[in-house]
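Sending over a structure as C-alpha cells; questions will come in a sec.
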Amino acid sequence: MTGTERYTHGYHEVILEFYRRRTAEACAAFLLPHLQPDATVLDMGSGPGTITVGLARRVGTVVGVDTSAEMVESARRLAAEAGVDNAGFKVGSVYELPFGDASFDVAYAHQLLQHLSDPVRALREARRVLRPGGLVAVRDSDYQTMVHAPVEPALEHWLRLYLEVAEANGGEPRAGRFLPGWVRAAGFVDPVVTTSTTTHADAAGRELWGSMWAVRVTDSDFADHAVEGGFAMRSDLVAISAAFRRWADHPSGFWAWLNGEVVAAKPGD
C-alpha cells in the first residue's frame, strides 16, 4: 500500500491479536487444493505471518510482503519460533513488488484488496511476478453483507460509519463482490469464484469480535479517521463501543458476513 489510500485498521495491539489467530486452513481453504508441494508462493499483505507460515508447511517456498517493517519483523520471529525455514519476509508495496518477472507460481492475498485505491493495478503487478499459468488467489470481505442480532441502532451506525471511513481512506469495503471483475480486468483468465462466511455466534466468537471492536472503535486508527474526517464524534464512538460490549455479552448474539474468493490463472505463453 503506497497509493493514495490510508490503512483503515491500523496496528493497535487488539487488532494484531485478532490477526494472529488467522490460519491458512481458515483463510486460504479455497486455495489449498490448488497448491503443489514444490510451489513458490507470494503472500501479499502478509501481516504478522500466521497464514504465510501455514502455507509454507504445504509448499516449497513462501515469501510474505508487507508495507509495515514492524509486521515483517514480527513475521520473521514467528517463522523462526515455529521452526519454518522456507518462509521469508520483505518490506514492500504490492504496487511495486520487489521481485523479477515470473518469480512465483502463486500470488495470494487475504483481506488486502479492500484497502487499496487501485486493486486492479496491484493485481497486474501480481500477474507480472507470476510464471505463465501461475495462479492468483484473493479473498476479501464484503462489509455491506454484515448482519447481526440482537439489532442495535448503535451497531447499525457502526456499519454505516465503517463504510464511510473505509471509502474516505481510498478503499472499497465491499471488495468481496468485486473480486471477479478486478481479476479479469487485471488480465487473469479462468476464474474460479467461491464464497465463504465468517460467523461469530458462540461465546468465544462473541468475545473475540465484540471485545475487539469495543476497543478498536475508540482507540485505534479507525477512531482517529472517523473523528478527523468528520464522520463521528468521540461520544458516538463511546456509544458504539458500549453496544459492542452488550452484544458480546448477549447469549443469543449473532454476527456474520460474506467473503468473496477467486482463484484465476495468468495466461500461458
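The values are calculated or read from the model by the stated rules, or taken from the named source; none is laboratory data. What you are looking at is a predicted structure, and each value in this text was computed from that prediction instead of being measured. FYI the Cβ positions are ideal-geometry reconstructions off the backbone, even for glycines, and counts take in every protein chain you see. In case anyone asks, the SASA skips ligands and DNA or RNA and just uses the protein heavy atoms, side chains included. Shrake-Rupley method; radii C 1.70, N 1.55, O 1.52, S 1.80 Å.
Just to confirm, what accessible area per residue do you get for the chain at 1.4 Å probe, in whole Å²? Numbers along the way, then the final one.
Working: 11120 Å² over 269 residues.
I get 41 Å² per residue for this part.
When the Karplus curve 6.51 cos²θ - 1.76 cosθ + 1.60 is applied with θ = phi - 60°, which whole-Hz ³J(HN,Hα) does each residue of segment 88-102 get, with x for Gly and Pro?
Going residue by residue, I get x, 9, 9, 7, x, 9, 5, 7, 9, 5, x, 9, x, 4, 6 Hz, with x marking Gly and Pro.
List the residues of segment 211-247 whose backbone N lies under 20 Å from a point placed 7 Å from the Cα of Glu13 along the Cα-to-Cβ direction.
Residues 211-224 qualify, since their backbone N sits under 20 Å from the label point.
Going 7 Å from the Cα of Arg160 along its beta-carbon direction, which residues of segment 233-249 have the amide nitrogen within less than 19 Å of the resulting point?
233-244
Using 0.36 nm per residue, how much length does the chain from Ala149 to Asp118 gain when fully extended, once their Cα-Cα distance is taken away?
On the way: separation 31, 0.36 × 31 = 11.16 nm, distance 3.41 nm.
Length gained between Ala149 and Asp118: 7.8 nm.
Could I ask something else about it? Of the labelled options (i) 0.94; (ii) 0.97; (iii) 1.01, which one gives Rg/Rh (Cα atoms, Kirkwood Rh) as computed for this structure?
(ii)
So how far apart, in nm, are the two label points at Gln36 and Ala80 if each is 7 Å from Cα heading toward Cβ?
Once both label points are built, they end up 3.3 nm from each other.
Using just the helices of the chain, give the 222 nm mean residue ellipticity in deg cm²/dmol: DSSP H runs with n ≥ 4 each add -39,500 (n - 2.57), and the total is spread over all residues, rounded to 500.
On the way: 10 runs with 110 residues, N = 269.
Mean residue ellipticity at 222 nm (helix-derived): -12500 deg cm²/dmol.
Oh, and also: Relative to the Cα centre, what is the charge dipole magnitude of segment 169-247, using +1 at the beta carbon of each Lys and Arg, -1 at the beta carbon of each Asp and Glu, and rounding to the nearest 20 debye? Present the calculation step by step, with values, prior to reporting the outcome.
Values: 8 positive and 9 negative charges, 50 e Å.
I would put it at about 240 debye.
Follow-up question, since we're still on this one. Under 15 Å from a label point 7 Å along Cα→Cβ of Arg131: give me every residue in segment 69-103 with its amide N that close.
Residues 100-103 qualify, since their backbone N sits under 15 Å from the label point.
What part of the accessible area of the chain, given as a whole %, is carbon or sulfur when the probe is 1.4 angstrom?
On the way: 5800 of 11120 Å².
It is 52 percent, rounded to a whole number.
Can you find, among Ser241, Ala69, Ala256, the residue farthest towards the positive end of the dipole of the chain? Put +1 on the C-beta of Lys and Arg, -1 on that of Asp and Glu.
Of Ser241, Ala69, Ala256, it is Ala256.
Using +1 at the Cβ of each Lys and Arg and -1 at the Cβ of each Asp and Glu in segment 71-218, identify which of Thr194, His110, Leu123 lies farthest towards the dipole's positive end.
It is Leu123, whose Cα lies furthest towards the positive end.
So, one more: Mind giving me the FRET efficiency for Thr61 and Val189? R0 is 22 Å, r the Cβ-Cβ distance, nearest 0.05 is fine.
Values: r = 25 Å, r/R0 = 1.14.
The computed FRET efficiency comes out at 0.30.
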